[in-house]
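Following: one structure in structure tokens, then a few remarks.
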Amino acid sequence: MGKTAALLLVTGLLLGALPVAQSSAAPDTVAPSHYDAFWLWSGRRLPGGLPAIRTLYLHQGEVLNLHGNAVFMRQGQPVSHLKVPNIWLTVRLETLAVPDAQIGRMVNLLVRWQKAGNTVVGLQLDFDAATGRLAEYGEFLQRVRNQMPANFSLGVTGLLDWAQTGSVAQLNQLPIDEIVVQTYQGRRTVPGYQRYLPALQGLHIPFRIGLVENGRWGSVPGEVRDSAWFRGYVVFLVR
């Protein structure tokens, strides 16, 4: 996943689950057994001993820039029926210059997974937009939403500095239903991540905080934890 996914509010049943461990008592090392929402990237299996999984963000491919053309490369687990209450399909983007036909392929995956008997919440896009490109990103997200059936939600991953150095008002206007703010790069927690968290209290869209398995984690500020828009955590499972 990149430096690494906001939105109309979806139902509390789908997005309201909090981690098994309370945020104020989160362990120093992120252990998957304390949480119930995960990113499952290609090549990674769910570890044993997890409590009931409530939400799974399932990597399904990447949009690559090949010789100047955006191409959706299908990756990840084949379409099947999973015993998970809620599933988001995650697609990693290298570029925003994506033709409508490629967007259609991503949207079609939502329908296929749903027809396989899964409760598919929606599509999550993982793109490392620089803060100065958020307006452009918003335009792209609107293109994606225009192609999506109304029963699916649209979510994104977010960078830590989006809320701090960018405009929170701009984030709140993005045509999405959820943002997951990542506190890690690669397999490591971003040093000094704590200074970015207070800005999240300005979000007026459903948001989660993304952690990395075995990363270092303390606690979230009370004003963020108590926000009506805070939906808990998502753990990125490493290989």
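Below, the figures for the structure above:
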item	result
Residue match in the range 109-123 (condition: modelled with pLDDT of 95 or more and touching an Asp or Glu at 6+ places or on another chain (Cβ under 9 Å))	yes
Yes/no for residue 87 being under 27 Å from residue 232 (Cα atoms), among the aliphatic types (A, V, I, L, M) and either surrounded by fewer than 16 Cβ atoms within 10 Å (Cβ to Cβ) or at pLDDT 95 or above (or both)	yes
Of the criteria (1) aliphatic (A, V, I, L, M); (2) in contact with a Gly (Cβ under 8 Å, 6 or more places away or on another chain); (3) within 23 Å of residue 208 (Cα to Cα), which one residue 73 fails	(3)
Tally, over the range 175-189, of residues that are in contact with a helix residue (DSSP H, G or I) (Cβ under 8 Å, 6 or more places away or on another chain) and β-branched (Val, Ile, Thr)	4
Test for residue 81: is it at negative phi and not β-branched (Val, Ile, Thr)	yes
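The values are calculated or read from the model by the stated rules, or taken from the named source; none is laboratory data. Since we're looking at a predicted model, the values are computed, not measured. Heads up, the Cβs are rebuilt from the backbone with ideal geometry, glycines too, and the neighbour counts pull from every protein chain shown.
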